[in-house]
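A.B. asks: Dropping a structure here in structure tokens format, bear with me for questions.
The values are calculated or read from the model by the stated rules, or taken from the named source; none is laboratory data. On a predicted model such as this, the values are computed, not experimentally measured, just so you know. Quick reminder, even Gly has a Cβ in these numbers, built from the backbone with ideal geometry, and neighbours come from all protein chains shown.
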Amino acid sequence: MPDYDVIIVGGGPAGSTAARRIAQRNLNVLLLDKATFPRVKPCAGGMTDRVRNVLDFSIDEVVQRRSFGQRVYSPSGDIVDCTRPVTTGDLLMRGDFDTLLLRKAEEAGAKVREGVNVVNAEQDADKVTVTTSEGERIEAKYLIGADGINSVVAKSLGFYKRWSAKDAAICIEIEAEVGEEAVERICGVPYEEKGVAVHIYFGPVPFGYIWCFPKKSILSLGAGCMQAKAKNIKGLFNKWFEDFKEKHDIDPKIISDTAARVPYSGAVKKTVIGRTILIGDAAGFVYPFSGEGIVLGVQSAIIAAPILEKAVANSNPRILTEFEKGWKQAFGSDLKVAKSTADLMFKSEKNLNTILRLAYEDQVIGDIMYKMIAGLDSYKNLQRQQVKRILTKHPRAGLSLYI
Ligand SMILES: Cc1cc2nc3c(=O)[nH]c(=O)nc-3n(C[C@H](O)[C@H](O)[C@H](O)COP(=O)(O)OP(=O)(O)OC[C@H]3O[C@@H](n4cnc5c(N)ncnc54)[C@H](O)[C@@H]3O)c2cc1C
């Protein structure tokens, strides 16, 4: 008999959520992560309330601030105010958040081993086997690859070879300690004392954007753009950062300076092979328009758990194919719409300016953009409303987006 019902490789939001939900179903589950937590994860640390709404425990202890929305700067200088007097998201440090999720998995009964680097995965008709860098071989009935964009599970088992430059975005990220007063001065909103919003700057980095996400006394600042089009992203970010420091009269202490890739082209072709499922970034579950991936990592884990329970109970790996149906039904079309929205926006600086100008001038389009950013409705519904509004009220501008 294999050692475990399920092995999960990767203890990010996707893997930890899967471990918790599977352990809650009384399965024998092992989670392996090469890092020791809390670990640094390059991330802006912003989550719409879609995440807290699907988790089965409070995350308040790790939330540094709540977000009142976003201020969006267009290349030509328009400022689209996508803030409102209500909070719709959390701002936190990923080290804290991911550690909480990992401990919640342990609390539910999952066995968690940190500092274990998986270097290979194999599967046959009866079991899966993972091999660690120490040469240890561990067996289970089923395997989940939740090991991010460089997934060893996916590569070992033939899901894909690697993420090509056209399918990924490249990001750099710094955590800048500026103090609470500066955070509130730079990112403050008029609705509440100490209330803040996230800032997004289009223009300084072609085919992408720069972000400023406020935490308690830290600003998470970074830049991301399509990898295939990336040219000197670090240099462009540094130039922007020099202006930013001067404009806001700050001299921050840089706590971390990291870089990472994130899937851009949506879900991979196959998310199930044999006895193995991919979830989270390993499966490409990231909204290309915003780079928001935590919510889909968590959602895909929640979809996977009951399917694994059924596969174990029936000793039938074919049941895993229900996972593909499950995620496609839950967010498959939304991912595609988010990709087409991103492709249209990032096609050219002209398109970015046109779309943001429309949002700036037309309150209805501004509201649609607000809802999209705040995760208040599906991309599919919102894009339909946006196209209708543009075609009826701004047909010439709408047409220009496709030329
Ligand atoms: C700069 C940047 C900013 C971002 N900002 C946001 C944001 O503000 N909001 C948002 O929603 N999303 C954001 N994202 C995307 C988000 O970080 C990911 O979508 C999310 O982390 C995916 O979760 P995951 O659990 O699938 O993978 P990850 O969080 O990447 O976790 C994978 C885990 O697997 C482990 N692992 C990897 N390989 C192995 C191995 N061989 N053996 C053992 N363990 C292994 C790693 O140590 C890691 O802990 C951002 C991404 C980047 C790069």
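A.B. asks: Across the stretch 137-155, which residue is nearest to the ligand (Cβ to nearest atom) among those that are buried (at least 20 other Cβ atoms within 10 Å of the Cβ) and over 21 Å from the mean Cα position of the chain (by Cα)?
C.D. replies: Top of the filtered list is Leu143.
A.B. asks: While we're here: Find the residue count for the stretch 20-33, including only residues that are within 7 Å of the ligand (Cβ to nearest atom) and among the aliphatic types (A, V, I, L, M).
C.D. replies: 1
A.B. asks: Let me ask something additional. Looking at the structure I just gave you, is Val51 aliphatic (A, V, I, L, M), outside the structural domain of Glu180 (by TED's automatic domain parsing) and either out of contact with any Lys or Arg (no Cβ under 7 Å at 6 or more places or on another chain) or part of a strand (DSSP E or B) (or both)?
C.D. replies: So Val51 passes the test.
A.B. asks: Hey, could you check the stretch 319-332 for residues that are surrounded by fewer than 18 Cβ atoms within 10 Å (Cβ to Cβ) and within 17 Å of the chain's Cα centre (by Cα) and say which is farthest from Val298 (Cα to Cα)?
C.D. replies: In this case the residue turns out to be Gly332.
A.B. asks: Tell me the residue from Thr36, Thr17, Thr99 that is part of a loop (DSSP other than H, G, I, E, B) and either free of Cβ contacts under 8 Å to residues at least 24 places away in the same chain or within 13 Å of the ligand (Cβ to nearest atom) (or both), please.
C.D. replies: Step by step, each of Thr36, Thr17, Thr99 is checked, and only Thr36 is part of a loop (DSSP other than H, G, I, E, B) and either free of Cβ contacts under 8 Å to residues at least 24 places away in the same chain or within 13 Å of the ligand (Cβ to nearest atom) (or both).
A.B. asks: Can you pull out the helices (runs of 4 or more DSSP H) entirely within the stretch 301-403 that have at least 2 residues that are under 24 Å from Gly203 (Cβ atoms)?
C.D. replies: Hits in the stretch 301-403: 333-345, 349-361, 363-374, 379-393, 395-400.
A.B. asks: Looking only at residues in the stretch 68-94 that are touching an Asp or Glu at 6+ places or on another chain (Cβ under 7 Å) and modelled with pLDDT of 95 or more, which one is nearest to Trp211 (Cα to Cα)?
C.D. replies: The extreme case among them is Arg71.
A.B. asks: Of Lys216, Lys194, which residue is at pLDDT 95 or above, within 14 Å of Gly45 (Cα to Cα), away from the ligand (no atom under 15 Å from the Cβ) and of a type outside the set (A, V, I, L, M)?
C.D. replies: Lys216
A.B. asks: Now, a different point. If you take the residues of the stretch 156-184 that are in a strand (DSSP E or B) and not β-branched (Val, Ile, Thr), which of them is nearest to Thr131 (Cα to Cα)?
C.D. replies: So, considering only residues that are in a strand (DSSP E or B) and not β-branched (Val, Ile, Thr), the one nearest to Thr131 (Cα to Cα) is Ala168.
A.B. asks: Looking at Asp56 and the list (1) more than 13 Å from the ligand (Cβ to nearest atom); (2) out of contact with any Leu (no Cβ under 8 Å at 6 or more places or on another chain); (3) assigned by TED's automatic domain parsing to the domain that holds Ile277, which single condition is not satisfied?
C.D. replies: Condition not satisfied by Asp56: (3).
A.B. asks: With respect to the numbered conditions (1) within 14 Å of the ligand (Cβ to nearest atom); (2) over 30 Å from Ile218 (Cβ atoms), which one is the sole condition not fulfilled by Val128?
C.D. replies: Against the list (1) within 14 Å of the ligand (Cβ to nearest atom); (2) over 30 Å from Ile218 (Cβ atoms), Val128 comes up short only on (1).
A.B. asks: Quick one: which residue in Tyr209, Tyr191, Tyr201 is among the aromatic types (Phe, Trp, Tyr) and under 27 Å from Asn150 (Cα atoms)?
C.D. replies: Tyr209
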